[in-house]
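Attaching a single structure in structure tokens format; questions to follow.
All of the numbers you see were taken from the coordinates with simple rules; none came from a lab. All figures in this text were calculated on a predicted structure; none of them were measured in a lab. With ideal geometry, Cβ positions are generated from the backbone for all residues, glycine too; neighbour counts draw on all protein chains shown.
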Amino acid sequence: MKYSSYKIGVLEIDVQHANIDYLLTELARDGLDKEVSKEKFELLKNGLVHHFDFEEKWSQTNNKNFDVDHLESHKKLLVKLNELYNQFTKSELSMCEVSLTMKMELLKHVQNHDTRLNA
Ligand SMILES: [Fe+2]
Ligand SMILES: [Fe+2]
């Protein structure tokens, strides 16, 4: 199951979800050099920051209700991502596990929050 499996019906948002799926898949690849993993992780992190920002601004521009829970969930996801990264640097998690964990979290997020954006 992919983050982008749930279509919001807003092209830019759906495309961004698909791009994040791609970055997650790239991160989950076997046998990546640690430095390469870090670079790929940075791409994912920047992609998510940009995407969350976009959703928040898009909602304002289009008079959609962007509730506090959704905002909080974006913040929590970024905190979670940092926690996972710290575990990776301490060799407690592989980047593949970081990717899979984020994917699960993002799936829950898209179901609980993003699907309501275009209601
Ligand atoms: Fe989203
Ligand atoms: Fe969201």
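Please compute the contact order of the chain in relative form: average sequence separation of alpha-carbon pairs under 8 Å and at least six residues apart, divided by the residue count, as a percent. Show your work: numbers first, answer last.
Details: 86 pairs, mean separation 48.3, N = 119.
It rounds to 41 percent for the chain.
Another one. Counting only complete DSSP H runs, which helices of the chain cover 20 Å or more along their long axis at the Cα atoms and score a mean Kyte-Doolittle of -0.5 or above? Numbers along the way, then the final one.
On the way: long enough: 11-27 (24 Å, 0.24); 34-61 (40 Å, -1.05); 68-89 (32 Å, -0.53); 95-112 (25 Å, 0.08).
Correct list, ordered by number: 11-27, 95-112.
Using only DSSP helix segments of four residues or longer, with each worth -39500 (n - 2.57), what per-residue ellipticity at 222 nm results for the chain after dividing by its residue count and rounding to 500? Walk me through the intermediate numbers first.
Working: 4 runs with 85 residues, N = 119.
Value at 222 nm, helices only, nearest 500: -25000 deg cm²/dmol.
Students often get this wrong, so check it: of K2/K64; K2/K34; K7/K75; K7/K90; K34/K57, which have C-alpha atoms separated by over 32 Å?
Numbers: K2/K64 25 Å; K2/K34 25 Å; K7/K75 22 Å; K7/K90 36 Å; K34/K57 35 Å.
As for pairs spanning more than 32 Å Cα to Cα, those are K7/K90; K34/K57.
Considering the chain as a Gaussian network with a 10 Å cut-off on Cα pairs, which listed residue, S91, S73, S37, attains the greatest mean-square fluctuation?
S91
Whats the longest run of the chain with zero trypsin sites (Lys or Arg not before Pro) that are DSSP loop and have at most 16 other Cβ atoms within 10 Å?
Longest run free of exposed loop sites: 30-63.
So what is the orientation-averaged projected area of the range 50-105, using the convex hull of its C-alpha atoms, in nm²?
Working: hull surface 16.6 nm².
The number I arrive at for the range 50-105 is 4.1 nm².
Next up: Take the chain, connect every pair of alpha-carbon atoms lying under 10 Å apart with a spring to form a Gaussian network, then pick out the residue of D69, D14, D33 with the largest mean-square fluctuation.
So, out of D69, D14, D33, the one fluctuating most is D33.
Rounded, prolate or oblate for the range 1-98? Axes are the square roots of the Cα gyration tensor eigenvalues, ordered a ≥ b ≥ c, and the cut-off for rounded is a/c under 1.5. Intermediate results must be reported in sequence, preceding the final value.
Numbers: a/c = 2.63, a/b = 1.78, b/c = 1.48.
It comes out prolate by the Cα gyration axes.
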